[in-house]
Every structure is written in C-alpha cells, then in structure tokens.
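A.B. asks: After the structure tokens below, expect a handful of questions from me.
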Amino acid sequence: MHRPRRRNPVSDCPLTAALAAIGGKWKIIILYCLSRSPRHFAALRQLLPSISQKVLTEQLRELMADEIVEREVTGEIPAPVVYSLTEYGRTLIPLVEAVRVWGQGHIEHMGEPQDREAPMACARPAAAG
C-alpha cells in the first residue's frame, strides 16, 4: 500500500525536509532500534516504555509515509507485523550513529550522571564481543 507523501514545511530547504522526516522526540530513537534489527511493534514498545502506543503508531506511520520504514505482515490477520528500515532508511544509519555518539559526548561534557538501568536500551552501544 502506497501512502501519500508528507509535505516539506519549507519548500526547497534540506534542513527542514530532514527535520520533518526524522525530527522530534522519538523518530531517531526508533530508527536506531530498527537499525540493529527488524522489530515487532511489541518489541519496540518494550525497548521504549516511555512512548505511548498511539505516539509510536503515529511515528511509525510518518516514517512509512517518508519511505524510511516498512511494515511487513507476518501471517494471517491478526498476525503481528514487523517493522524494518527500507534501503532508503538504511542511508540514515551513519547520521543516527553520529547523533548517538555526539549525545554520549554531550552527556559526559555536561557531567550528567548516567542511569545504566534506564529504558531505551536500544540507544546504548552494543557490547563488544
């Protein structure tokens, strides 16, 4: 099913186009989670316990409208669906990783204490090994 494209709020401005596509509180975090592997809706909710079901659904729909994320039905209705990055969406991985690394440095620069048990485990680097 093809979704209508979302409009760029400022014509011919690449920064507003980018922010419209991946800006906001949750989209870049969702992209980071999906960059590691495709995920069921419930798995995303588990990784992001602070996001409501409604907001997660809205954010995923916007990412799908921008052809960054795709949704695959895994069986007969009411089968669970799997969300994954499209090939186009995977082009965002270097940007998302750069933002994550910068954010880690910012936390350290500002001297903010880190809660190692905090939710959003998807935003932590993978363990080496």
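A.B. asks: Residues that are at pLDDT 90 or above and basic (Lys, Arg), at least 2 per element: which helices (runs of 4 or more DSSP H) completely within the stretch 1-85 meet that?
C.D. replies: 27-36, 53-65
A.B. asks: List every residue pair whose Cβ atoms sit under 6 Å apart, with the two residues 6 or more apart in sequence or on different chains, where the first one lies in the stretch 20-48 and is more than 12 Å from Leu63 (Cβ to Cβ) and the second, anywhere, is modelled with pLDDT under 90 and in a helix (DSSP H, G or I).
C.D. replies: Matching pairs, first to second residue: Tyr32/Cys122; Tyr32/Ala123; Leu47/Cys122.
The values are calculated or read from the model by the stated rules, or taken from the named source; none is laboratory data. Remember, it's a predicted structure, so these values are computed and weren't measured experimentally. Cβ atoms come from the backbone with ideal geometry, glycine included; neighbour counts cover every protein chain shown.
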